[in-house]
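Working notes, beginning with the structure itself.
The values are calculated or read from the model by the stated rules, or taken from the named source; none is laboratory data. Everything numeric in this text was worked out from a predicted model, so none of it was measured. For neighbour counting, all protein chains shown are included, and Cβ atoms are generated from backbone atoms with ideal geometry for every residue, glycine included.
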Amino acid sequence: MKPPKTNIQKSTLRLILTLGILSFIILSGFSIHLYNQFIAQYQINFQNPIHNFINITPRVQPLPQIIKTAKAQTILTNEQYTCNKFGKDCKLALAIQKAENSTGNCEAMNVNTNGSVDFGYFQINSIHLKKGWKIADLVDCQRNIDKAFEIYQAQGFSPWTTYKTKAYLKFFN
């Protein structure tokens, strides 16, 4: 026959049991957190069991997230790049760019009433494709800025309608 447990033994047993359960809960939560972090960073593929049963590879960031991240960084980067190109005429160039394409969308296209198309950050007209320029050059922000600078060096800002009509003035700081 076993002797009855004392109150001290019972409370110690409850304390140990409670600490054990709490430890289990905390470790389980932490384990789930680590598992979720791992799954967010890596992709697990089950393959042929003879060669390589499990293949773990880093996850590629989803394209929409890459685009969102790039766009968040693009505005300042494009403005800086424009200022590096246009130097002392930076503010005027940026005002014209904003008047032409207020969203700063690098892939923006606008069909004009004469059938020509304006492309990209600076809304460069399709007439310049005759020079051998590619549409891909005009919808890539930095190359669009490079092409805009080439036009500016040859003709100043007069090729941009917003310069001629002075529509850029509301964007000029």
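Please pick out the residue among F122, F149, F86 that is part of a loop (DSSP other than H, G, I, E, B) and either within 22 Å of K166 (Cα to Cα) or among the aromatic types (F, W, Y) (or both). None of the others qualify; the one that does is F122.
Residues in region 152-165 that are assigned to a helix (DSSP H, G or I) and surrounded by 19 or more Cβ atoms within 10 Å (Cβ to Cβ): Y152, T162, Y163. Any residue at all in region 136-150 that's surrounded by fewer than 17 Cβ atoms within 10 Å (Cβ to Cβ) and modelled with pLDDT of 95 or more? Checked region 136-150: at least one residue is surrounded by fewer than 17 Cβ atoms within 10 Å (Cβ to Cβ) and modelled with pLDDT of 95 or more.
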